[in-house]
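The values are calculated or read from the model by the stated rules, or taken from the named source; none is laboratory data. Quick caveat: nothing in here was measured; it's all calculated off a predicted structure. Here Cβ is always computed from backbone atoms with ideal geometry, including for glycine, and neighbour counts include all displayed protein chains. Accessible surface is based on the protein model in full, side chains and every heavy atom, while ligands, DNA and RNA are left aside. Shrake-Rupley method; radii C 1.70, N 1.55, O 1.52, S 1.80 Å.
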Amino acid sequence: MEDRTFRLLAKHIRSLNRHLAVEKRSLRELLREEKPAIRLRDGELHRFKRAELEKLAKLLPEHMHAALRLPIYIELSSDRFGKGTARISGRAECIVVARILEKRCEGEELFIYKPEIRILRRELPTTTQYMFTTAVE
Amino acid sequence: MADLIEGVNPTRMELLKLKTKVKLAKKGHRLLKEKRDALIMEFFNILEEAKGARRQAEARLREAFAALILAQASMGVVKVTQCAYAAKETPGIETYTRSIMGVRVPVLELQETSRSVIERGYGLADTTSQLDEAAARFEEALAAVVQLAEVERSIKLLAKEIESTKRRVNALENVLIPRLEATVKYIKMRLDEMERENFFKLKRIKAMIEAR
């Protein structure tokens with residue numbers, strides 16, 4: 001009985017990140033498509049809203065469109081960053097998020113907090129995704 | 001004190017296995033709690049959107065029905081019904097899904113929101129401007145209703161996922177982890193007890209040998 005419970009728990013942990021993309025795609029590539037979408041690890045297709053892609057294109061200089069890989073991951077890890085803190089990784093990703101949140105962005109990492117996550121998700125509901133990570137023991 | 005796991009042998013091997021399980025359970029609990037919090041945040045985001053969308057849909061429908069009554073008053077109910085039958089089909093809705101932490105929520109997009117008088121399909125000679133106005137208002141209302149449908153379905157799906165995640169978190173927090181920790185404590189106590197027993201046994205044997 002206990003073993004079955006643990007098998008189920010391990011399965012739940014493994015499936016926490018099954019909504020992430022098999023492969024991220026660049027903004028430039030997605031803007032050219034009529035129905036911009038990516039394939040997820042669970043086999044499903046995730047469509048991006050065109051209006052959102054256009055909003056991102058306006059926020060970023062054109063030469064950086066190829067560097068912005070979508071979806072942008074909002075990395076949550078309470079044992080590494082603390083509760084309610086998330087990390088955004090990547091130069092282009094940080095610039096876009098910082099512009100939306102009216103923050104300063106230095107380097108390739110940006111830490112954002114719960115109220116900011118809420119704003120970010122409201123502004124970019126299809127082009128951002130949550131990612132759950134944990135510290136390696 | 002929480003219940004113990006049944007049928008556990010108080011051995012070192014079992015203790016090691018249980019310690020690994022406690023670690024896994026705590027890790028799972030932390031991650032699921034994060035997922036639950038993120039889902040609740042999404043839920044409130046969509047709920048806010050829903051409030052606006054419902055208000056907008058109701059306002060648009062009220063305006064549309066008011067315009068329809070005016071059109072019926074100026075042209076007659078029968079003529080308006082005839083025009084409705086003559087009108088071309090309503091614009092198509094593109095449906096696809098997006099994923100919020102594994103929850104597939106629908107996205108509904110109207111292919112065209114407003115049409116010109118000619119595109120609607122009814123004749124212009126014997127219709128009034130009130131009918132055009134009513135049609136335009138209904139087109140606006142349709143867009144608002146489609147948005148409301150998307151938001152309300154998303155709320156239902158998210159609520160369901162929050163419920164199941166919450167149940168898992170609570171089961172881990174209140175049942176599984178306390179039970180595992182109690183069993184670990186019990187095995188440790190039993191092993192210590194056995195060690196003390198052996199030590200005492202050896203002392204007795206030593207004393208008996210020395211007494212001979």
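Peptide B:98-109 has a mean shielding of 6, counted as Cβ atoms of other protein chains within 10 Å of each residue's Cβ. Rg of the Cα atoms in chain B, relative to 2.2 N^0.38 Å, amounts to 2.06. Cross-link partners for B:LYS79 among the lysines, with Cα-Cα distance under 27 Å and sequence neighbours closer than 8 places in the same chain left out: B:LYS88.
Ligands, DNA and RNA left out, the accessible area of the protein assembly as shown computed with a 1.4 Å probe is 54% carbon and sulfur.
Computed over protein heavy atoms with a 1.4 angstrom probe, the accessible surface ordering of B:VAL78, B:VAL146, B:VAL175, largest first, is B:VAL78, B:VAL175, B:VAL146. In this rough spin-label picture, where each label sits 7 Å from Cα along the Cβ direction, the B:LYS19-B:LEU191 distance is 0.6 nm. How about the range A:1-66: which GluC sites (Glu not before Pro) there lie in a loop by DSSP and see at most 12 other Cβ atoms within 10 Å? Within the range A:1-66, the qualifying GluC sites (Glu not before Pro) (loop, at most 12 other Cβ atoms within 10 Å) are A:GLU23, A:GLU33, A:GLU34.
For the segment B:168-181, counting C-beta atoms of other chains within 10 Å of every residue's C-beta and taking the mean gives 1. Entry comment: accessible area of the range A:3-132 is 50 Å² per residue, from protein heavy atoms only and a probe of 1.4 Å. Taking 0.36 nm per residue of separation and subtracting the Cα-Cα distance, full extension of the segment from B:GLN111 to B:ILE93 would add 5.9 nm. Put simply, the amide H of B:THR97, placed in the peptide plane, has neighbours under 5 Å in A:ARG47, B:VAL107, leaving out anything fewer than 5 places away on its chain. Among B:ARG12, B:ARG104, B:ARG167, the largest mean-square fluctuation in a Gaussian network model of chain B, built with springs joining Cα atoms closer than 10 Å, belongs to B:ARG12. The accessible-area loss of the range A:21-65 on complex formation, taken against its chain alone with a 1.4 Å probe, reaches 40 Å² or more at A:ARG47, A:LYS49. Normalised per residue, the accessible area of chain B is 61 Å², obtained with a 1.4 Å probe and no contribution from ligands, DNA or RNA.
Only Lys, Arg, Asp and Glu carry charge here, each on its Cβ (+1 for the first two, -1 for the last two); on that basis the range A:3-132 has a dipole of about 400 debye about its Cα centre. For the protein assembly as shown, the fraction of C-alpha pairs farther apart than 35 angstrom is 47 percent. With both labels modelled 7 Å from their Cα along Cα-to-Cβ, the A:LYS103 to B:ASP3 distance reads 4.5 nm. For the options B:THR90, B:THR165, B:THR81, a Gaussian network treatment of chain B with springs between C-alpha atoms closer than 10 Å singles out B:THR81 as fluctuating the most. Just checking the listed ones, B:ALA136, B:ALA125, B:ALA149: in the Gaussian network model of chain B with Cα springs under 10 Å, the one fluctuating most is B:ALA125.
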